[in-house]
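Engineer: Once you've had a glance at the structure underneath, I'll fire off some questions.
Read the figures in this text as sums done on the coordinates, not as results from a lab. For clarity, every value in this text was computed on a predicted model and none was experimentally measured. Using ideal geometry, Cβ is built from the backbone for each residue, glycine included, and neighbour counts are taken over all protein chains shown.
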Amino acid sequence: MRASRLLSLLMLLQTRGRVSAQVLAEALEVSVRTIHRDVDELSAAGVPIWADRGRLGGFQLQPGWRTKVDGLTAPEAQAMFLGGLPGPASELGLGEAMASAQLKLLAALPDGWREDARRVSARFHLDPIDWYRGPSATDHLPAIAQAVWGERRVALRYESWKGEVSRRVDPLGLVLKAGIWYLAAQVGNGVRTYRLSNILDLEIGDESFERPAGFDLAAWWQASTKRFEKELAVDTAQLRVSALGLKALRDLGAAVAQAAEASASAPDESGWRRVTIPIESIPHAAAQVLRLGAQAEVLKPAALRRALVERVSAIAALYAD
């Protein structure tokens, strides 16, 4: 803890120049007396720290004295600050570590690059969570992350759509998609996906496992999501949509939007077009098409038309009085 604080103190002096003892104490959450002791220890270790007294005084490093990060280019330094997501890092238990790493990186950059790196985080912010949604529960995330990193077998109790199940899995990796964390884990000879918010309980055992040779988490996730989306779309529906309805189809997902654009007919005399879109099921499709309001008409299948009539009739009856 003390060694980490001394290093953070050194990095603060290197990145900020002259800093008062009070400002350093607030930044490191210690007393001013502790700062003076730490400065004395760094000086004794050979770090050239100057102390200036007075209202504008403070501590500063000897001009020109600094550590270096060799081989890092300006764009690479900027990418380091753009790629650091504070929310996910904190959920993984790495928020303090990421802040410390960025501070060390700033301290090691040449003067001309340092301001560019600061400018990136001031002008670009990455928010991985979709609109009108909060982040999913991540109570077990730090423990799962440790198991992934340490290649330790995990026993978990999980709530799937079929009910509650218990599994012993080999955690291979974690994926954050649209603000939701997923675990890729090997079960038997296959790799399955588990949503972390559905994990009811878990226990990390002492038993280790051997990671499959050549397993590529990013490639596996991409193939898995494409397979999942393809399996969901088991049927199609033909719609007649207005210009506004065609635009509104984009809100139903990329697959629906792409299919609609690719299949859209020439507009009729009223400006309406016929499109064919993939659907998961009749109830699910009925709920989606209702979002389009009077800007879309289902032509087929007949079962989807009937489902829509039933829903609209029920809504009309509810508001009849």
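Engineer: Only four residue types carry charge here, +1 at the Cβ of Lys and Arg and -1 at the Cβ of Asp and Glu. Report the dipole size of region 135-182 about the Cα centre in Debye, rounded to the nearest 20.
Structural biologist: For region 135-182, the charge dipole is close to 140 debye.
Engineer: Can you give the relative contact order of region 144-295 as a percent, counting alpha carbon pairs under 8 Å and 6+ residues apart?
Structural biologist: Averaging sequence separation for qualifying contacts and normalising by length gives 18 percent for region 144-295.
Engineer: Something else: Can you compute the charge dipole magnitude of region 208-253 about its Cα centre, using +1 on each Lys and Arg Cβ and -1 on each Asp and Glu Cβ, nothing else charged? Give it in debye, rounded to the nearest 20.
Structural biologist: 240
Engineer: While we're here: Report the one residue of A255, G205, T236 whose Cα lies farthest in the direction of the positive end of the charge dipole of region 191-321 (charges on C-beta: Lys and Arg +1, Asp and Glu -1; origin at the Cα centre).
Structural biologist: So the residue furthest toward the plus end is T236.
Engineer: Oh, and also: Among 280-289, 221-230, how do they line up from the highest to the lowest mean number of other beta-carbon atoms within 10 Å?
Structural biologist: Sorting 280-289, 221-230 by mean packing, highest first, produces 280-289, 221-230.
Engineer: I've got another one for you. Please give the Cα centre distance for region 12-51 versus region 204-271, rounded to the nearest Å.
Structural biologist: With region 12-51 and region 204-271 each reduced to a Cα centre, they are spaced 54 Å.
Engineer: Magnitude of the Cβ-charge dipole of region 1-41, K/R +1 and D/E -1, about the Cα centre, nearest 20 debye?
Structural biologist: 40
Engineer: Convex hull over the Cα atoms of region 191-311, averaged projected area in nm²?
Structural biologist: Directional mean of the projected Cα hull area for region 191-311 stands at 10.8 nm².
Engineer: Going highest first, how would you order 159-165, 55-61 by mean Cβ packing within 10 Å?
Structural biologist: Going by the mean number of other Cβ atoms within 10 Å, highest first, we get 55-61, 159-165.
Engineer: Which value results for Rg/Rh of region 156-214 when Rg is the Cα radius of gyration and Rh the Kirkwood radius based on the inverse mean 1/r?
Structural biologist: Rg/Rh: 0.96.
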